[in-house]
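S.K.: Sharing a structure, written as structure tokens. Questions coming.
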Amino acid sequence: MIHLSQRQRRFVAAYADNPDAKAAALEAGYAPRGARRQGLELLRRPQIMAALADAERHRMDPDALTAATVLRNLADIRNAAAAKGQYSVALRAEELRGRHLGLFSTADRRDPMPLSEMNEEEILFSLGLSRDQTAVMISK
């Protein structure tokens, strides 16, 4: 595990999104006056470079969980469930997709957590499915 300060972690995240040392330093909270110098200095540190390499590996990982991946998986679950006559599961999957896109008002719901903030286990739980059931549904 790479030990970084909170500000260094913010720098790594910002630099991974936009490889501009000064902009990343500013976004991480470093002073504007020395942001360019600080950003370049951070890029010389081995632990920063290792964290950037980890971030790049994670970004390139085809199994990385992204909103697009979750939406595709929910569509697959919806289609498989509907084909098997499991309409409540299909409807719930479609509801989660719609909630993520902001198509429904959540003012009257007790569970307004957006799909983008849910992890895979929470999504499966809200669908009333286990990981094994999902694997079987998608494989058929």
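S.K.: Let me spell it out: the conditions are (1) assigned to a helix (DSSP H, G or I); (2) more than 24 Å from GLU122 (Cα to Cα), and LEU74 meets all of them except one. Which number is the exception?
M.R.: Unmet for LEU74, out of (1) assigned to a helix (DSSP H, G or I); (2) more than 24 Å from GLU122 (Cα to Cα): (2).
S.K.: Now for a separate question. Specify the residue that is farthest from HIS58 (Cα to Cα); the eligible residues are those in the range 1-42 that are of a type in the set (D, E, K, R) and over 19 Å from the mean Cα position of the chain (by Cα).
M.R.: Once the filter is applied, the top-ranked residue is ARG33.
S.K.: Continuing with this model, one more query. Only one of these is farther than 30 Å from LEU96 by Cβ and either surrounded by fewer than 17 Cβ atoms within 10 Å (Cβ to Cβ) or β-branched (Val, Ile, Thr) (or both): ARG37, ARG57. Name it.
M.R.: That would be ARG37, the only listed residue that is farther than 30 Å from LEU96 by Cβ and either surrounded by fewer than 17 Cβ atoms within 10 Å (Cβ to Cβ) or β-branched (Val, Ile, Thr) (or both).
S.K.: Name the residue, out of GLN47, GLN86, that is in the same structural domain as ALA13 (by TED's automatic domain parsing), surrounded by 11 or more Cβ atoms within 10 Å (Cβ to Cβ) and modelled with pLDDT of 75 or more.
M.R.: Testing whether each residue is in the same structural domain as ALA13 (by TED's automatic domain parsing), surrounded by 11 or more Cβ atoms within 10 Å (Cβ to Cβ) and modelled with pLDDT of 75 or more leaves just GLN47.
S.K.: Within the range 63-80, is even one residue free of Cβ contacts under 8 Å to residues at least 12 places away in the same chain, surrounded by 13 or more Cβ atoms within 10 Å (Cβ to Cβ) and over 28 Å from ALA16 (Cβ atoms)?
M.R.: Yes, because at least one residue in the range 63-80 is free of Cβ contacts under 8 Å to residues at least 12 places away in the same chain, surrounded by 13 or more Cβ atoms within 10 Å (Cβ to Cβ) and over 28 Å from ALA16 (Cβ atoms).
The values are calculated or read from the model by the stated rules, or taken from the named source; none is laboratory data. The structure displayed is predicted, hence computed values, not measured ones. Methodologically, a virtual Cβ is constructed for each residue, glycine included, from the backbone with ideal geometry; neighbour enumeration extends over all protein chains shown.
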